[in-house]
């Protein structure tokens, strides 16, 4: 049986959130729902609301047995089993707004490879609107106002979009099966390869902000994964000659923060030496003629929050060391 839409949901230990999400998906014969459980502590089918199982004739529950843990691997399994003409990704702690699928059906253009919609967000802790959606809503606005192409490359998340399944399959666009930032390369590659995109100032998806989510996790493993993905993203942007602001040595060090160590620093500088990563962000162009200005800025910037002192000192140390190294070795021209 074929469907108009397949909703793919990676899940791990969040039954309450999953049941809420499912309650916002209409039971229609044109909507397929695939849940891919990432080896939760308890069997998902034992805890999904019995009403949901009966309510959704087109509900399939799969288990991630790929050997790679994480939402990326789970989403790839979902893509492999999807039968819908279009694919929609949803996270188990988020939900669809009222009349979401009416909004999708009325706004979706049949010939588009990716359709971008404006998201909204909600804080589960404060019980009020969050700001987690703002950067993506701004990309929508910028495109509608001036057709800014950054939406193809900077809309890092898979939600609040609709993908043509045939487009993903034919271009072999898949998620990275890594601990963190599994969706960055997926969004960049799909955006760069899409022949036709559509951008709408309509909302169908609400992303939530909670406690202990991966987006706020600063463990060494998570940070290392984010840095590795950032370096590959930078390399792709340069190799494909994509006209968008790229990462830099400075921004990668900032991303790593207090988790930066010699191996991460060396891999970042190696990417720079290979021409896969610029040293300065584009916004630092005014400093290139006089590197002492940026060095002084890094070293003299006051740290108001004492809890961030160690993190900032470590970041400053590696930035300063790298600038001095490049200056002394004349690896870039400052004058």
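Tabulated data for the structure shown
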quantity	calculated
Residue satisfying all of: in segment 200-224; at pLDDT below 95 and in contact with a helix residue (DSSP H, G or I) (Cβ under 6 Å, 6 or more places away or on another chain); nearest to residue 100 (Cα to Cα) among these	223
Selection count where residues are assigned to a loop (DSSP other than H, G, I, E, B) and within 20 Å of the chain's Cα centre (by Cα), scope segment 54-100	8
Which listed residue is assigned by TED's automatic domain parsing to the domain that holds residue 150 and touching a residue at least 40 places away in the same chain (Cβ under 8 Å), from 236, 205	205
Residue check, residue 26 on the phi < 0 side of the Ramachandran plot, surrounded by 24 or more Cβ atoms within 10 Å (Cβ to Cβ) and either part of a helix (DSSP H, G or I) or touching a residue at least 24 places away in the same chain (Cβ under 8 Å) (or both)	no
Sole residue being farther than 23 Å from residue 125 by Cβ and modelled with pLDDT of 95 or more, chosen from 250, 197	197
Helices (runs of 4 or more DSSP H) contained in segment 215-284 and holding at least 3 residues under 16 Å from the mean Cα position of the chain (by Cα) and surrounded by 17 or more Cβ atoms within 10 Å (Cβ to Cβ)	220-239
Selected residue (criterion: modelled with the highest pLDDT) from residues of segment 106-139 that are within 23 Å of residue 165 (Cβ to Cβ) and exposed (fewer than 14 other Cβ atoms within 10 Å of the Cβ)	106
Test: residue 125 is under 14 Å from the mean Cα position of the chain (by Cα) and farther than 28 Å from residue 85 by Cβ	no
Exclusive hit being under 12 Å from the mean Cα position of the chain (by Cα) and either surrounded by fewer than 16 Cβ atoms within 10 Å (Cβ to Cβ) or on the phi > 0 side of the Ramachandran plot (or both), set 146, 160	160
Filtered residues of segment 169-207 (kept if over 17 Å from the mean Cα position of the chain (by Cα), buried (at least 21 other Cβ atoms within 10 Å of the Cβ) and assigned to a helix (DSSP H, G or I))	none
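For every residue, the table says whether it meets (1) assigned by TED's automatic domain parsing to the domain that holds residue 179; (2) under 25 Å from residue 102 (Cα atoms); (3) at pLDDT below 85; (4) out of contact with any strand residue (DSSP E or B) (no Cβ under 6 Å at 6 or more places or on another chain).
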site: 9; (1), (2), (3), (4): yes, yes, no, no
site: 27; (1), (2), (3), (4): yes, yes, no, yes
site: 42; (1), (2), (3), (4): yes, no, yes, yes
site: 47; (1), (2), (3), (4): yes, no, yes, yes
site: 50; (1), (2), (3), (4): yes, no, yes, yes
site: 62; (1), (2), (3), (4): yes, no, no, no
site: 68; (1), (2), (3), (4): yes, no, yes, yes
site: 72; (1), (2), (3), (4): yes, no, no, yes
site: 84; (1), (2), (3), (4): yes, yes, no, no
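The values are calculated or read from the model by the stated rules, or taken from the named source; none is laboratory data. Because the structure is predicted, anything quoted here is derived from the model rather than measured. Counting neighbours? That spans all protein chains shown, and the Cβs are built from the backbone with ideal geometry, glycine included.
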